[in-house]
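Visitor: Take this structure first; my questions come after.
The values are calculated or read from the model by the stated rules, or taken from the named source; none is laboratory data. Owing to the predicted nature of the structure, the values given are computational and were not obtained by experimental measurement. Please note: Cβ atoms are built from the backbone with ideal geometry, for glycine as well, and neighbour counts cover all protein chains shown. The protein model used for the area step is the full one, side chains on, heavy atoms only, and it has no ligands, DNA or RNA in it. Shrake-Rupley method; radii C 1.70, N 1.55, O 1.52, S 1.80 Å.
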Amino acid sequence: MSDSKGIERAYESARQRYAELGVDTDKAIERLGKIAISLHCWQGDDVGGFESSVSTLSGGGLVATGAYPGRARSACELRADMEKAMSLIPGKHRLNLHAMYAETGGKVDRNELTAEHFAAWIDWAKAKGLGMDFNGTFFSHPKAESGFTLASADEGERRFWVEHGIACRKISEQIGRQLGSACVTNVWIPDGYKDIPVDRKGPRQRLRKSLDEIFAEKIDRRWLLDSVESKLFGIGSESYVVGSHEFYLGYAVQNNILLCLDTGHFHPTEEICDKISSVMAFLDEILLHVSRGVRWDSDHVVILSDELRGLAEEIVRGDYLERVHIGLDFFDASINRVAAWVIGSRCMLKALLIALLEPTDKLREFEHSGDFTSRLAILEELKTLPFGAVWDYDCSKMEVPAGDAWLKEIKDYEARVTSKRN
Ligand code: RNT
Ligand code: ZN
(Lines give C-alpha, C1' and ligand atoms only; values in the text may rest on other atoms or scores of the structure.)
(Ligands and ions follow the chains in the order given, each with its own letter.)
Protein backbone atom coordinates (compact mmCIF):
# COMPACT_ATOMS: atom_id res chain seq x y z
CA MET A 1 0.00 0.00 0.00
CA SER A 2 1.23 3.47 -0.84
CA ASP A 3 2.28 5.87 1.90
CA SER A 4 0.07 8.68 3.17
CA LYS A 5 1.46 11.11 0.57
CA GLY A 6 0.47 8.67 -2.16
CA ILE A 7 -3.00 8.27 -0.64
CA GLU A 8 -3.49 12.02 -0.55
CA ARG A 9 -2.33 12.52 -4.11
CA ALA A 10 -4.66 9.79 -5.36
CA TYR A 11 -7.50 11.31 -3.36
CA GLU A 12 -6.89 14.76 -4.80
CA SER A 13 -7.23 13.47 -8.33
CA ALA A 14 -10.30 11.37 -7.40
CA ARG A 15 -11.88 14.43 -5.81
CA GLN A 16 -11.53 16.36 -9.04
CA ARG A 17 -12.84 13.50 -11.13
CA TYR A 18 -15.97 13.22 -8.96
CA ALA A 19 -16.40 17.00 -8.86
CA GLU A 20 -16.74 16.99 -12.65
CA LEU A 21 -19.92 14.97 -12.10
CA GLY A 22 -21.08 17.30 -9.36
CA VAL A 23 -20.16 14.93 -6.51
CA ASP A 24 -18.54 16.28 -3.34
CA THR A 25 -16.22 13.55 -2.05
CA ASP A 26 -15.53 15.30 1.28
CA LYS A 27 -19.23 15.38 1.97
CA ALA A 28 -19.57 11.69 1.09
CA ILE A 29 -16.80 10.85 3.56
CA GLU A 30 -18.44 12.96 6.22
CA ARG A 31 -21.78 11.21 5.73
CA LEU A 32 -20.14 7.78 5.76
CA GLY A 33 -18.51 8.60 9.10
CA LYS A 34 -21.94 8.98 10.68
CA ILE A 35 -23.15 5.51 9.75
CA ALA A 36 -22.95 2.87 12.46
CA ILE A 37 -22.99 -0.76 11.38
CA SER A 38 -24.16 -3.29 13.94
CA LEU A 39 -21.38 -5.85 14.23
CA HIS A 40 -22.71 -9.31 15.13
CA CYS A 41 -20.82 -11.05 17.93
CA TRP A 42 -21.73 -14.51 16.63
CA GLN A 43 -19.19 -14.47 13.78
CA GLY A 44 -16.42 -14.91 16.38
CA ASP A 45 -17.42 -18.29 17.80
CA ASP A 46 -19.54 -19.95 15.09
CA VAL A 47 -22.83 -18.97 16.76
CA GLY A 48 -21.94 -20.96 19.89
CA GLY A 49 -22.61 -18.69 22.84
CA PHE A 50 -21.22 -19.18 26.32
CA GLU A 51 -23.95 -20.91 28.24
CA SER A 52 -21.83 -24.00 28.75
CA SER A 53 -18.21 -24.88 28.15
CA VAL A 54 -19.15 -27.05 25.19
CA SER A 55 -21.62 -24.64 23.65
CA THR A 56 -22.28 -25.37 20.01
CA LEU A 57 -24.86 -24.28 17.52
CA SER A 58 -27.81 -26.67 17.50
CA GLY A 59 -31.27 -26.61 16.02
CA GLY A 60 -32.81 -23.83 14.04
CA GLY A 61 -31.23 -24.98 10.79
CA LEU A 62 -28.27 -22.65 11.10
CA VAL A 63 -24.96 -24.21 10.08
CA ALA A 64 -21.47 -22.81 10.56
CA THR A 65 -19.12 -24.94 8.46
CA GLY A 66 -15.33 -25.07 8.66
CA ALA A 67 -12.74 -25.87 11.30
CA TYR A 68 -10.39 -22.91 11.14
CA PRO A 69 -8.46 -22.72 14.40
CA GLY A 70 -8.85 -19.88 16.87
CA ARG A 71 -12.54 -19.66 17.68
CA ALA A 72 -13.22 -17.49 20.73
CA ARG A 73 -13.89 -19.75 23.72
CA SER A 74 -15.01 -17.18 26.24
CA ALA A 75 -16.67 -13.80 26.35
CA CYS A 76 -13.29 -12.23 27.12
CA GLU A 77 -11.73 -13.76 24.04
CA LEU A 78 -14.70 -12.75 21.93
CA ARG A 79 -14.48 -9.15 23.12
CA ALA A 80 -10.75 -9.06 22.42
CA ASP A 81 -11.37 -10.40 18.90
CA MET A 82 -14.13 -7.88 18.22
CA GLU A 83 -11.92 -5.12 19.51
CA LYS A 84 -9.22 -6.18 17.06
CA ALA A 85 -11.73 -6.28 14.20
CA MET A 86 -13.16 -2.87 15.10
CA SER A 87 -9.68 -1.34 15.11
CA LEU A 88 -9.46 -2.23 11.41
CA ILE A 89 -12.87 -0.91 10.35
CA PRO A 90 -13.25 2.86 9.81
CA GLY A 91 -15.90 4.59 11.92
CA LYS A 92 -17.77 4.02 15.19
CA HIS A 93 -20.01 1.02 15.11
CA ARG A 94 -22.31 -1.03 17.32
CA LEU A 95 -22.19 -4.36 19.08
CA ASN A 96 -24.93 -6.83 18.20
CA LEU A 97 -25.30 -9.38 20.97
CA HIS A 98 -27.34 -12.59 21.23
CA ALA A 99 -28.89 -13.68 24.53
CA MET A 100 -26.82 -16.89 24.55
CA TYR A 101 -23.71 -14.78 25.11
CA ALA A 102 -24.82 -14.09 28.69
CA GLU A 103 -22.15 -14.57 31.31
CA THR A 104 -23.97 -16.66 33.90
CA GLY A 105 -21.62 -19.59 34.30
CA GLY A 106 -24.37 -21.65 32.67
CA LYS A 107 -26.56 -21.39 35.74
CA VAL A 108 -29.42 -19.20 34.55
CA ASP A 109 -31.98 -20.35 32.03
CA ARG A 110 -33.05 -18.09 29.16
CA ASN A 111 -36.37 -17.06 30.72
CA GLU A 112 -34.58 -15.73 33.79
CA LEU A 113 -31.91 -13.62 32.18
CA THR A 114 -31.49 -10.03 33.34
CA ALA A 115 -29.24 -7.14 32.36
CA GLU A 116 -26.83 -8.15 35.14
CA HIS A 117 -25.85 -11.20 33.12
CA PHE A 118 -24.66 -8.86 30.39
CA ALA A 119 -22.93 -6.36 32.65
CA ALA A 120 -19.48 -7.09 31.29
CA TRP A 121 -20.69 -6.59 27.71
CA ILE A 122 -22.45 -3.35 28.61
CA ASP A 123 -19.40 -2.02 30.46
CA TRP A 124 -17.21 -2.93 27.53
CA ALA A 125 -19.53 -1.15 25.08
CA LYS A 126 -19.68 1.87 27.36
CA ALA A 127 -15.91 2.04 27.65
CA LYS A 128 -15.57 1.88 23.87
CA GLY A 129 -18.40 4.33 23.26
CA LEU A 130 -20.38 1.78 21.26
CA GLY A 131 -24.14 1.45 20.99
CA MET A 132 -25.58 -2.04 21.42
CA ASP A 133 -28.27 -4.14 19.79
CA PHE A 134 -29.72 -7.38 21.12
CA ASN A 135 -31.37 -10.65 20.05
CA GLY A 136 -33.37 -13.29 21.84
CA THR A 137 -31.89 -16.74 21.27
CA PHE A 138 -34.73 -19.07 20.31
CA PHE A 139 -32.50 -22.01 19.26
CA SER A 140 -29.60 -24.12 20.63
CA HIS A 141 -31.71 -25.07 23.64
CA PRO A 142 -33.48 -28.26 24.83
CA LYS A 143 -36.85 -26.47 24.74
CA ALA A 144 -36.38 -25.72 21.02
CA GLU A 145 -35.67 -29.30 20.02
CA SER A 146 -39.24 -29.89 18.84
CA GLY A 147 -38.54 -27.32 16.11
CA PHE A 148 -41.09 -24.97 17.69
CA THR A 149 -40.72 -22.11 20.17
CA LEU A 150 -43.14 -19.16 20.18
CA ALA A 151 -45.54 -21.09 17.94
CA SER A 152 -45.35 -24.28 19.96
CA ALA A 153 -48.59 -26.15 20.65
CA ASP A 154 -47.08 -27.22 23.98
CA GLU A 155 -48.20 -24.47 26.32
CA GLY A 156 -45.29 -24.94 28.73
CA GLU A 157 -42.79 -24.64 25.91
CA ARG A 158 -44.54 -21.64 24.36
CA ARG A 159 -44.73 -19.90 27.71
CA PHE A 160 -41.02 -20.44 28.34
CA TRP A 161 -40.14 -18.72 25.07
CA VAL A 162 -42.58 -15.87 25.70
CA GLU A 163 -40.83 -15.33 29.03
CA HIS A 164 -37.50 -15.29 27.23
CA GLY A 165 -38.82 -12.66 24.82
CA ILE A 166 -40.05 -10.52 27.72
CA ALA A 167 -36.73 -10.91 29.57
CA CYS A 168 -34.85 -9.80 26.44
CA ARG A 169 -36.88 -6.62 26.11
CA LYS A 170 -36.15 -5.70 29.72
CA ILE A 171 -32.45 -6.33 29.17
CA SER A 172 -32.54 -4.21 26.02
CA GLU A 173 -34.27 -1.35 27.77
CA GLN A 174 -31.47 -1.36 30.35
CA ILE A 175 -28.85 -1.49 27.61
CA GLY A 176 -30.51 1.41 25.82
CA ARG A 177 -30.72 3.50 28.98
CA GLN A 178 -27.20 2.77 30.10
CA LEU A 179 -25.67 3.52 26.73
CA GLY A 180 -28.02 6.35 25.82
CA SER A 181 -28.88 4.81 22.45
CA ALA A 182 -31.89 2.75 21.40
CA CYS A 183 -31.16 -0.97 21.44
CA VAL A 184 -32.63 -2.67 18.37
CA THR A 185 -33.93 -5.99 19.62
CA ASN A 186 -34.67 -8.67 17.09
CA VAL A 187 -36.84 -11.75 17.30
CA TRP A 188 -36.02 -14.60 14.99
CA ILE A 189 -37.49 -18.03 15.64
CA PRO A 190 -36.85 -21.26 13.74
CA ASP A 191 -40.41 -22.60 13.95
CA GLY A 192 -41.54 -24.58 10.95
CA TYR A 193 -42.04 -27.97 9.36
CA LYS A 194 -39.74 -30.13 7.28
CA ASP A 195 -42.64 -31.59 5.38
CA ILE A 196 -45.95 -30.33 4.06
CA PRO A 197 -48.17 -29.27 6.95
CA VAL A 198 -51.91 -29.62 7.21
CA ASP A 199 -52.40 -26.85 9.73
CA ARG A 200 -50.67 -23.69 8.55
CA LYS A 201 -53.06 -21.50 10.46
CA GLY A 202 -52.71 -22.74 14.05
CA PRO A 203 -48.96 -22.07 14.47
CA ARG A 204 -49.36 -18.58 13.02
CA GLN A 205 -52.19 -17.79 15.40
CA ARG A 206 -50.05 -18.98 18.30
CA LEU A 207 -47.08 -16.93 17.10
CA ARG A 208 -49.23 -13.84 16.92
CA LYS A 209 -50.50 -14.44 20.44
CA SER A 210 -46.95 -14.98 21.73
CA LEU A 211 -45.69 -11.80 20.10
CA ASP A 212 -48.61 -9.84 21.54
CA GLU A 213 -47.64 -11.15 24.97
CA ILE A 214 -43.97 -10.29 24.49
CA PHE A 215 -44.68 -6.77 23.23
CA ALA A 216 -47.52 -6.06 25.67
CA GLU A 217 -45.42 -3.78 27.84
CA LYS A 218 -44.83 -0.45 26.15
CA ILE A 219 -41.19 0.55 26.40
CA ASP A 220 -39.85 3.95 25.40
CA ARG A 221 -38.56 3.92 21.82
CA ARG A 222 -35.64 6.03 22.95
CA TRP A 223 -34.23 2.88 24.60
CA LEU A 224 -35.72 -0.04 22.74
CA LEU A 225 -36.72 -0.69 19.14
CA ASP A 226 -38.47 -4.03 18.60
CA SER A 227 -37.94 -5.94 15.40
CA VAL A 228 -39.17 -9.21 13.87
CA GLU A 229 -37.29 -11.24 11.25
CA SER A 230 -38.95 -13.33 8.56
CA LYS A 231 -37.57 -16.29 6.68
CA LEU A 232 -38.58 -18.32 3.64
CA PHE A 233 -37.22 -21.73 4.63
CA GLY A 234 -34.46 -23.31 6.66
CA ILE A 235 -32.74 -26.65 7.01
CA GLY A 236 -35.46 -28.71 8.67
CA SER A 237 -38.19 -26.20 7.87
CA GLU A 238 -38.15 -26.54 4.10
CA SER A 239 -41.91 -26.81 3.62
CA TYR A 240 -43.27 -24.29 6.07
CA VAL A 241 -41.92 -21.45 8.18
CA VAL A 242 -44.37 -19.95 10.64
CA GLY A 243 -42.76 -16.49 10.62
CA SER A 244 -42.94 -15.85 6.91
CA HIS A 245 -42.42 -12.50 5.21
CA GLU A 246 -46.14 -11.82 4.84
CA PHE A 247 -46.76 -12.72 8.46
CA TYR A 248 -44.17 -10.37 9.89
CA LEU A 249 -44.82 -7.57 7.41
CA GLY A 250 -48.42 -7.55 8.56
CA TYR A 251 -47.41 -7.77 12.20
CA ALA A 252 -44.82 -4.98 11.96
CA VAL A 253 -47.16 -2.62 10.13
CA GLN A 254 -50.03 -3.25 12.50
CA ASN A 255 -47.92 -2.83 15.63
CA ASN A 256 -45.56 -0.14 14.39
CA ILE A 257 -42.41 -2.11 15.12
CA LEU A 258 -39.39 -2.77 12.91
CA LEU A 259 -39.31 -5.43 10.22
CA CYS A 260 -35.98 -7.20 9.79
CA LEU A 261 -35.09 -8.12 6.23
CA ASP A 262 -32.28 -10.68 5.99
CA THR A 263 -30.72 -10.84 2.52
CA GLY A 264 -30.60 -14.65 2.75
CA HIS A 265 -34.24 -15.15 3.69
CA PHE A 266 -35.96 -14.95 0.34
CA HIS A 267 -36.07 -16.96 -2.87
CA PRO A 268 -32.50 -17.42 -4.15
CA THR A 269 -33.09 -15.08 -7.09
CA GLU A 270 -34.96 -12.51 -5.04
CA GLU A 271 -33.05 -9.45 -3.82
CA ILE A 272 -34.19 -7.26 -0.99
CA CYS A 273 -33.14 -3.94 -2.61
CA ASP A 274 -36.50 -3.64 -4.27
CA LYS A 275 -38.35 -4.31 -1.04
CA ILE A 276 -36.92 -1.36 0.89
CA SER A 277 -38.90 1.46 -0.72
CA SER A 278 -42.03 -0.70 -0.50
CA VAL A 279 -41.85 -1.50 3.18
CA MET A 280 -40.61 2.01 4.04
CA ALA A 281 -43.87 3.36 2.67
CA PHE A 282 -45.59 1.73 5.66
CA LEU A 283 -42.95 1.46 8.38
CA ASP A 284 -40.97 4.10 10.25
CA GLU A 285 -37.83 2.04 10.55
CA ILE A 286 -36.46 -1.32 9.51
CA LEU A 287 -33.53 -3.55 10.38
CA LEU A 288 -31.33 -5.24 7.80
CA HIS A 289 -29.43 -8.46 8.29
CA VAL A 290 -26.84 -8.18 5.60
CA SER A 291 -25.61 -11.63 4.71
CA ARG A 292 -24.64 -13.57 1.58
CA GLY A 293 -26.49 -16.68 0.62
CA VAL A 294 -24.74 -18.97 -1.83
CA ARG A 295 -27.45 -21.20 -3.34
CA TRP A 296 -29.25 -21.18 0.03
CA ASP A 297 -29.23 -19.09 3.22
CA SER A 298 -25.62 -20.11 3.82
CA ASP A 299 -24.54 -16.92 5.62
CA HIS A 300 -21.27 -16.47 3.71
CA VAL A 301 -19.15 -13.41 4.49
CA VAL A 302 -20.51 -10.30 2.80
CA ILE A 303 -18.56 -9.17 -0.28
CA LEU A 304 -18.83 -6.12 -2.52
CA SER A 305 -21.39 -7.75 -4.80
CA ASP A 306 -23.94 -6.11 -7.07
CA GLU A 307 -26.54 -7.06 -4.48
CA LEU A 308 -24.69 -5.27 -1.71
CA ARG A 309 -24.17 -2.21 -3.86
CA GLY A 310 -27.83 -2.24 -4.81
CA LEU A 311 -28.80 -2.35 -1.17
CA ALA A 312 -26.59 0.60 -0.26
CA GLU A 313 -27.89 2.55 -3.26
CA GLU A 314 -31.49 2.07 -2.18
CA ILE A 315 -30.74 3.23 1.36
CA VAL A 316 -28.88 6.32 0.19
CA ARG A 317 -31.12 7.23 -2.76
CA GLY A 318 -34.26 6.88 -0.68
CA ASP A 319 -32.74 9.07 2.04
CA TYR A 320 -33.31 6.26 4.52
CA LEU A 321 -29.98 6.38 6.39
CA GLU A 322 -31.72 7.49 9.59
CA ARG A 323 -34.48 4.91 9.30
CA VAL A 324 -32.62 1.78 8.23
CA HIS A 325 -30.55 -0.02 10.86
CA ILE A 326 -27.78 -1.96 9.19
CA GLY A 327 -26.82 -5.18 10.93
CA LEU A 328 -24.52 -7.88 9.62
CA ASP A 329 -25.41 -11.56 9.82
CA PHE A 330 -22.84 -14.02 8.52
CA PHE A 331 -20.67 -16.72 10.03
CA ASP A 332 -17.81 -18.52 8.39
CA ALA A 333 -15.75 -21.02 10.38
CA SER A 334 -13.46 -21.85 7.44
CA ILE A 335 -11.39 -18.65 7.46
CA ASN A 336 -9.86 -16.44 10.11
CA ARG A 337 -12.92 -15.28 12.04
CA VAL A 338 -11.60 -11.83 12.88
CA ALA A 339 -10.72 -11.27 9.23
CA ALA A 340 -14.27 -12.32 8.30
CA TRP A 341 -15.69 -9.45 10.38
CA VAL A 342 -13.24 -6.99 8.86
CA ILE A 343 -13.90 -8.09 5.28
CA GLY A 344 -17.69 -8.05 5.63
CA SER A 345 -17.84 -4.73 7.46
CA ARG A 346 -15.40 -2.99 5.17
CA CYS A 347 -17.40 -4.21 2.17
CA MET A 348 -20.63 -2.88 3.67
CA LEU A 349 -18.99 0.51 4.22
CA LYS A 350 -17.45 0.51 0.73
CA ALA A 351 -20.87 -0.15 -0.78
CA LEU A 352 -22.28 2.77 1.21
CA LEU A 353 -19.42 5.02 0.14
CA ILE A 354 -19.96 4.14 -3.52
CA ALA A 355 -23.64 4.98 -3.12
CA LEU A 356 -22.77 8.28 -1.43
CA LEU A 357 -20.47 9.11 -4.34
CA GLU A 358 -23.28 8.84 -6.88
CA PRO A 359 -24.58 11.93 -8.69
CA THR A 360 -28.11 10.82 -7.87
CA ASP A 361 -29.86 14.09 -8.74
CA LYS A 362 -28.34 14.09 -12.19
CA LEU A 363 -29.35 10.46 -12.75
CA ARG A 364 -32.87 11.23 -11.59
CA GLU A 365 -33.11 14.08 -14.03
CA PHE A 366 -32.19 11.73 -16.87
CA GLU A 367 -34.83 9.33 -15.71
CA HIS A 368 -37.57 11.90 -15.31
CA SER A 369 -36.91 13.39 -18.72
CA GLY A 370 -36.99 9.96 -20.33
CA ASP A 371 -33.29 10.00 -21.24
CA PHE A 372 -32.67 6.37 -20.37
CA THR A 373 -29.62 6.30 -22.63
CA SER A 374 -27.77 8.76 -20.40
CA ARG A 375 -29.01 7.01 -17.27
CA LEU A 376 -27.50 3.71 -18.38
CA ALA A 377 -24.34 5.31 -19.78
CA ILE A 378 -23.52 7.26 -16.61
CA LEU A 379 -24.42 4.38 -14.27
CA GLU A 380 -21.88 2.27 -16.14
CA GLU A 381 -19.22 5.00 -16.25
CA LEU A 382 -19.55 5.39 -12.48
CA LYS A 383 -18.42 1.83 -11.96
CA THR A 384 -14.86 2.64 -12.99
CA LEU A 385 -14.48 5.92 -11.12
CA PRO A 386 -11.71 5.90 -8.50
CA PHE A 387 -13.80 5.22 -5.40
CA GLY A 388 -10.89 3.15 -4.06
CA ALA A 389 -8.82 6.33 -3.70
CA VAL A 390 -11.63 7.92 -1.68
CA TRP A 391 -11.92 4.79 0.47
CA ASP A 392 -8.17 4.69 1.20
CA TYR A 393 -8.21 8.35 2.11
CA ASP A 394 -11.17 7.78 4.42
CA CYS A 395 -9.40 4.87 6.12
CA SER A 396 -6.23 6.83 6.71
CA LYS A 397 -8.22 9.80 7.96
CA MET A 398 -10.06 7.52 10.40
CA GLU A 399 -6.72 6.05 11.45
CA VAL A 400 -7.34 2.51 10.29
CA PRO A 401 -5.20 0.71 7.70
CA ALA A 402 -5.86 1.62 4.06
CA GLY A 403 -5.85 -0.95 1.27
CA ASP A 404 -4.88 -4.43 2.38
CA ALA A 405 -2.61 -3.24 5.20
CA TRP A 406 -5.15 -4.52 7.77
CA LEU A 407 -4.41 -8.12 6.79
CA LYS A 408 -0.92 -7.99 8.24
CA GLU A 409 -2.41 -6.97 11.57
CA ILE A 410 -4.76 -9.93 11.48
CA LYS A 411 -1.85 -12.27 10.71
CA ASP A 412 0.11 -10.86 13.63
CA TYR A 413 -2.90 -11.25 15.92
CA GLU A 414 -3.34 -14.80 14.70
CA ALA A 415 0.30 -15.65 15.40
CA ARG A 416 0.20 -14.06 18.84
CA VAL A 417 -3.32 -14.88 19.99
CA THR A 418 -5.86 -16.93 18.08
CA SER A 419 -3.53 -19.69 16.84
CA LYS A 420 -2.65 -20.45 20.47
CA ARG A 421 -6.24 -21.44 21.25
CA ASN A 422 -7.24 -25.06 20.92
C1 RNT B 1 -31.35 -17.16 10.99
C2 RNT B 1 -31.42 -15.67 11.12
C3 RNT B 1 -30.91 -15.11 12.39
C4 RNT B 1 -29.59 -15.69 12.84
C5 RNT B 1 -28.94 -14.96 13.99
C6 RNT B 1 -27.86 -15.75 14.62
O7 RNT B 1 -31.64 -17.61 9.75
O8 RNT B 1 -30.78 -15.07 10.04
O9 RNT B 1 -30.84 -13.73 12.29
O10 RNT B 1 -28.67 -15.76 11.80
O11 RNT B 1 -29.89 -14.55 14.88
ZN1 ZN C 1 -30.67 -12.91 10.14
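Visitor: Using the per-residue mean of other Cβ atoms lying within 10 Å as a proxy for protection, in what order, highest first, do the peptides 20-33, 167-180 fall? Provide the component values of the computation, followed by the final result.
Guide: Values: 20-33: 16.0, 167-180: 21.1.
Averaged packing, sorted descending, gives the order 167-180, 20-33.
Visitor: How much of the accessible area of region 154-238, in percent, comes from carbon and sulfur atoms when a 1.4 Å probe is used?
Guide: On the way: 1980 of 3840 Å².
Of the solvent-accessible surface of region 154-238, carbon and sulfur hold 52 percent.
Visitor: With the contact rule set at Cα under 8 Å and sequence spacing of 6 or more, what percent relative contact order holds for the chain? Intermediate results must be reported in sequence, preceding the final value.
Guide: Numbers: 761 pairs, mean separation 87.7, N = 422.
The value is 21 percent.
Visitor: Using only the alpha-carbon atoms of region 283-422, report the extent along each of the three principal axes, biggest first, to the nearest angstrom.
Guide: For region 283-422, the Cα spread along each principal axis is 62, 33, 29 Å.
Visitor: With everything on Cα atoms, drop me the angle between helix 306-317 and the longest principal axis of the chain, reported from 0 to 90° to the nearest 10.
Guide: Orientation of helix 306-317: about 80 degrees from the principal axis.
Visitor: Suppose we keep just the DSSP beta bridges with both residues in the chain; what percent of those would be antiparallel, to 5?
Guide: Numbers: 4 of 33 bridges.
Within the chain, antiparallel bridges account for around 10 percent of the total.
Visitor: For region 34-190, take every pair of Cα atoms, bin their distances at 5 Å starting from 0, and report each bin as a whole percent.
Guide: Per 5 Å bin, starting at zero, the Cα-Cα P(r) for region 34-190 comes out as 2, 9, 19, 22, 21, 15, 8, 3, 1, 0 percent.
Visitor: Ratio of alpha-carbon Rg to the 2.2 N^0.38 Å globular estimate for the chain, to two decimals, please.
Guide: Working: Rg = 21.7 Å, N = 422, 2.2 N^0.38 = 21.9 Å.
Working it through for the chain, the quotient is 0.99.
Visitor: If you don't mind, there's one more thing I want to ask. Could you list, in their original order, any pairs among K27/K362; K143/K420; K34/K231; K126/K231; K107/K209 whose Cα atoms are separated by more than 26 Å?
Guide: Values: K27/K362 17 Å; K143/K420 35 Å; K34/K231 30 Å; K126/K231 33 Å; K107/K209 29 Å.
In this structure, K143/K420; K34/K231; K126/K231; K107/K209 exceed 26 Å between Cα atoms.
Visitor: If you average the C-alpha positions of region 100-134 and of region 231-249 separately, how far apart do those two centres end up, in angstrom?
Guide: Cα centroid of region 100-134 versus Cα centroid of region 231-249: 29 Å apart.
Visitor: Sticking with this structure for a sec: Over 23 Å between C-alpha atoms is what I'm after, so list which of K383/K408; K350/K383; K84/K397 land there. Don't skip to the end; give the middle numbers.
Guide: Details: K383/K408 28 Å; K350/K383 13 Å; K84/K397 18 Å.
Pairs exceeding 23 Å: K383/K408.
Visitor: Counting only helical runs of four or more DSSP H residues, what would the 222 nm mean residue ellipticity of the chain come to if each run contributes -39,500 (n - 2.57) and the total is spread over all its residues? Before the final figure, lay out each step's value.
Guide: Numbers: 14 runs with 180 residues, N = 422.
So the calculated ellipticity at 222 nm is -13500 deg cm²/dmol.
Visitor: By how many nm would the segment from K201 to A153 lengthen if fully extended, with 0.36 nm per residue of separation less the alpha-carbon distance? Walk me through the numbers on the way to the answer.
Guide: Working: separation 48, 0.36 × 48 = 17.28 nm, distance 1.21 nm.
Contour length minus Cα-Cα distance gives 16.1 nm.
Visitor: Same structure, new question: I want to check the label-to-label distance for S87 and E112. Put each point 7 Å from Cα in the C-beta direction and report it in nm to one decimal.
Guide: Placing both labels 7 Å along Cα→Cβ, they lie 3.9 nm apart.
Visitor: Another question about this same structure. Kindly list the residues of region 356-372 that lie in the label zone of L21, defined by a backbone N under 15 Å from the point 7 Å along the Cα-to-C-beta vector.
Guide: Taking a point 7 Å out along Cα→Cβ of L21, the residues of region 356-372 whose backbone N falls under 15 Å are 356-367.
Visitor: Can you pull a Stokes-Einstein diffusion coefficient for region 67-159 at 37 °C (0.692 mPa s), Rh from Kirkwood over Cα pairs, as a whole number of µm²/s? Write down the numbers at each step before the final one.
Guide: Numbers: Rh = 15.3 Å.
Answer from the Stokes-Einstein relation: 215 µm²/s.
Visitor: Per residue, how much accessible area does the chain have with a 1.4 Å probe, in Å²?
Guide: Solvent-accessible surface per residue comes out at 44 Å².
Visitor: Could you work out how far helix 337-356 tilts from the main Cα principal axis of the chain, as a 0 to 90 degree angle to the nearest 10?
Guide: Around 50 degrees separate the two axes.
Visitor: Within region 1-23, find all residues whose amide N lies under 15 Å from a label point positioned 7 Å from the Cα of D404 along Cα-to-beta-carbon.
Guide: 1-2
Visitor: Hey, another quick one. State, to one decimal in nm, how far the label point of D284 lies from the label point of H267, with both points 7 Å from Cα in the Cβ direction.
Guide: Label-label distance for D284 and H267, simple model: 3.4 nm.
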